[in-house]
Amino acid sequence: MAVASGLSVSSHPGDSAVLQQPRSSWALSWPLAVGLVLFVWLPNSKGLLADPDSHWHVTVGNWILAHGAVPTVDVYSFTFAGQPWIAKEWLSQVVLALAYDAGGWGAVAVLAAAVVGFAFALMMRLLLRDIRPLPALLFTVAAAVMTAPHLLARPHVLAFPVMLIWVSGLVRAVEERRAPRPVLLLAMLAWANLHGGFTLGLLLCGAFALEALVGAREASERKVLFVEWAKFATTAVLVACITPYGPESMLVTLRIFGLGDALSVISEWQSPNFQSMPQQELVLLIALYVCLSRGLKLPFVRLLIVLGLLHLFLKYVRNAELLAMLAPLIVAPVLARQWPTLRPTAEPPTGSLLRQRLAALGRPAGRNAIALCVVLGAVYAGGVIRFAGIRPVDDTMPAAALDFIREANLQGNVLNHYGFGGFLINAGVKTFIDGRGELYGGDFIKRYVEIVNARGAQALEETLDEFHIDWTLLQKDQAANKILAHLPNWKRVYGDDTAVIFVRQR
């Protein structure tokens, strides 16, 4: 059931009083603690570098640094060489490349962990404007659990902070019955150059503008809001075009969704598999139970926005962070209105000393505490980069196979496993296919899937001849290897627990 929007609870006098109370410069806070825990834990997990696309993002970033320009055609594959292609996430790629050049994969992992830690700390701080520390902490922890499978050293992670700032600014504007502040456009400018997800930010701007109009109290207010939101939305679209490619970055999103059925063969574009990720199902079930048992009521348009985020996640597992990180920011002001006991208060907490101290952690951390954490974090990061030996997982980085390729001096065109594409690009080998789906198109991706899954020996032979394939680099268990083993003029020359190489005999 929907209810009308109202004023933000952040306008309550008690909220500002909480922030104005004297606070020790060494005081800690929940957001700082959350950020530190994630920063310390993530670099040592294998998840951050478990995606093959991290390799080619770094390579593209170094190409941009070396040439002082951005690419406009493909230079990394032999199948689509010279075809139009843009690095829509160029700024993230440059940042990843700078980290890699400074400290290898360890520095890339540390960078991603630092941004993730900051993003979730920021998320909790934004939630604390509307609700008490305990529910804000629960929302943040649930979001971290939901997004854990998609916490990767890739551009979308670097865009987390600006995504949160953008959506929070839109929500705050609706709550305060005004248009968003012009300074919020800086977040869109950064987002448009960091990651292609900025197009969703523009759509959300339109959705919240509609909610602002629906929630207007009278015709005169509605007219003013319409004009102001229209100005902001138009400017946001223009700002999103301030990239090296202009409006072309927006069109790439349409090309990706234009892949059609081919999207379903790419793991991150599949629906979530709750058998392999039960933690995501658990979070959703708990959220559903709380909403139904407590009778949560959202404004109509805001309810549609939350349902839209849920749909995006259930359709494509890669959108977990959109639901997990944005939905709490969207519903928090409504929770505070519906249940006033959730609102932050200026009154000192009562009860045991431990309870009082835990409640005090909801206030901002002291400057000295933040500075000390930054220094200790830098020392920790240096140690991790220098001594931890962090590197991508073998599934995306067949290093032993590459050593053989170089020793054997294999030349010519390669039929490679999709997941090895980024690694080969980073190694300077032209690929048959890699993670740039918008370049290859749906028909080519489906053709690749058919031949490597051995859905016809003839299709594989025709592809080998059509593209003048001289050698293959596929995963150990891929079905195409069985066909290659029986094809004349093809010989297996290498195999390990990760990859198998066949070479055409001339």
Does region 277-299 contain at least one residue that is touching a Cys at 6+ places or on another chain (Cβ under 7 Å) and not assigned by TED's automatic domain parsing to the domain that holds ILE445? no
Looking at this structure, is GLU248 within 28 Å of GLY169 (Cβ to Cβ), exposed (fewer than 13 other Cβ atoms within 10 Å of the Cβ) and not assigned by TED's automatic domain parsing to the domain that holds PRO71? no
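Could you say whether any residue in region 310-326 is in a loop (DSSP other than H, G, I, E, B), of a type outside the set (S, T, N, Q) and buried (at least 20 other Cβ atoms within 10 Å of the Cβ)?
Taking region 310-326 and keeping what is in a loop (DSSP other than H, G, I, E, B), we get 316.
Remaining after also requiring of a type outside the set (S, T, N, Q): 316.
Adding the requirement that they be buried (at least 20 other Cβ atoms within 10 Å of the Cβ) leaves none.
The answer is no; no qualifying residue exists.
Does ALA236 qualify as being among the small types (Gly, Ala, Ser), in contact (Cβ under 8 Å) with a residue 24 or more places away in the chain, assigned to a helix (DSSP H, G or I) and surrounded by 12 or more Cβ atoms within 10 Å (Cβ to Cβ)? Lay out the reasoning, then the answer.
On the way: among the small types (Gly, Ala, Ser): yes; in contact (Cβ under 8 Å) with a residue 24 or more places away in the chain: yes; assigned to a helix (DSSP H, G or I): yes; surrounded by 12 or more Cβ atoms within 10 Å (Cβ to Cβ): yes.
Yes: the conditions hold for ALA236.
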From the list ASP470, ASP394, ASP403, which residue is at pLDDT below 95, surrounded by fewer than 18 Cβ atoms within 10 Å (Cβ to Cβ) and either among the charged types (D, E, K, R) or closer than 30 Å to TRP41 by Cβ (or both)? ASP394
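Every residue, every condition in (1) touching a residue at least 24 places away in the same chain (Cβ under 8 Å); (2) under 23 Å from ARG363 (Cα atoms), yes or no:
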site: GLY103; (1), (2): yes, no
site: LEU127; (1), (2): yes, yes
site: ASP130; (1), (2): yes, yes
site: ARG181; (1), (2): no, no
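Out of the residues in region 337-348 that are under 15 Å from ALA136 (Cβ atoms) and part of a loop (DSSP other than H, G, I, E, B), state the one that is modelled with the highest pLDDT.
TRP339
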Can you pull out the residues in region 174-196 that are among the small types (Gly, Ala, Ser), touching a Pro at 6+ places or on another chain (Cβ under 9 Å) and surrounded by fewer than 24 Cβ atoms within 10 Å (Cβ to Cβ)? ALA190, GLY196
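For the structure I just gave you, tell me whether ALA240 is farther than 30 Å from HIS55 by Cα and not assigned by TED's automatic domain parsing to the domain that holds GLY442. Steps first, please.
Numbers: farther than 30 Å from HIS55 by Cα: no; not assigned by TED's automatic domain parsing to the domain that holds GLY442: yes.
Spelling it out, it is not the case that ALA240 is farther than 30 Å from HIS55 by Cα and not assigned by TED's automatic domain parsing to the domain that holds GLY442.
Being free of Cβ contacts under 8 Å to residues at least 24 places away in the same chain and either surrounded by fewer than 20 Cβ atoms within 10 Å (Cβ to Cβ) or under 25 Å from SER45 (Cα atoms) (or both) is true for just one of PRO155, PRO84, PRO149. Which residue is that?
Selected residue: PRO84, the only one of PRO155, PRO84, PRO149 that is free of Cβ contacts under 8 Å to residues at least 24 places away in the same chain and either surrounded by fewer than 20 Cβ atoms within 10 Å (Cβ to Cβ) or under 25 Å from SER45 (Cα atoms) (or both).
Do you know which of the residues in region 406-423 that are small (Gly, Ala, Ser) and crowded, with 23+ Cβ neighbours inside 10 Å is nearest to VAL58 (Cα to Cα)?
Of the residues in region 406-423, the ones small (Gly, Ala, Ser) are 408, 412, 419, 421-422.
Restricting the remaining residues to those that are crowded, with 23+ Cβ neighbours inside 10 Å gives 421-422.
Values: GLY421: 13, GLY422: 9 Å.
Restricting to residues being small (Gly, Ala, Ser) and crowded, with 23+ Cβ neighbours inside 10 Å, the top hit is GLY422.
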Filtered residues of region 428-466 (kept if surrounded by fewer than 16 Cβ atoms within 10 Å (Cβ to Cβ), outside any helix (DSSP H, G or I) and either among the hydroxyl-bearing types (Ser, Thr, Tyr) or within 34 Å of the chain's Cα centre (by Cα) (or both)): GLY428, ASN453, ARG455
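Have a look at TRP229, TRP269 and point out the one that is crowded, with 19+ Cβ neighbours inside 10 Å and of a type outside the set (Gly, Ala, Ser). I'd like the intermediate steps shown before the answer.
On the way: TRP269 fails: crowded, with 19+ Cβ neighbours inside 10 Å.
After ruling out the rest, the residue left standing is TRP229.
The values are calculated or read from the model by the stated rules, or taken from the named source; none is laboratory data. This structure is a prediction, so every number in the text was calculated from the model and none was measured. Glycine gets a Cβ as well: all are built from the backbone with ideal geometry, and neighbour counts include every protein chain shown.
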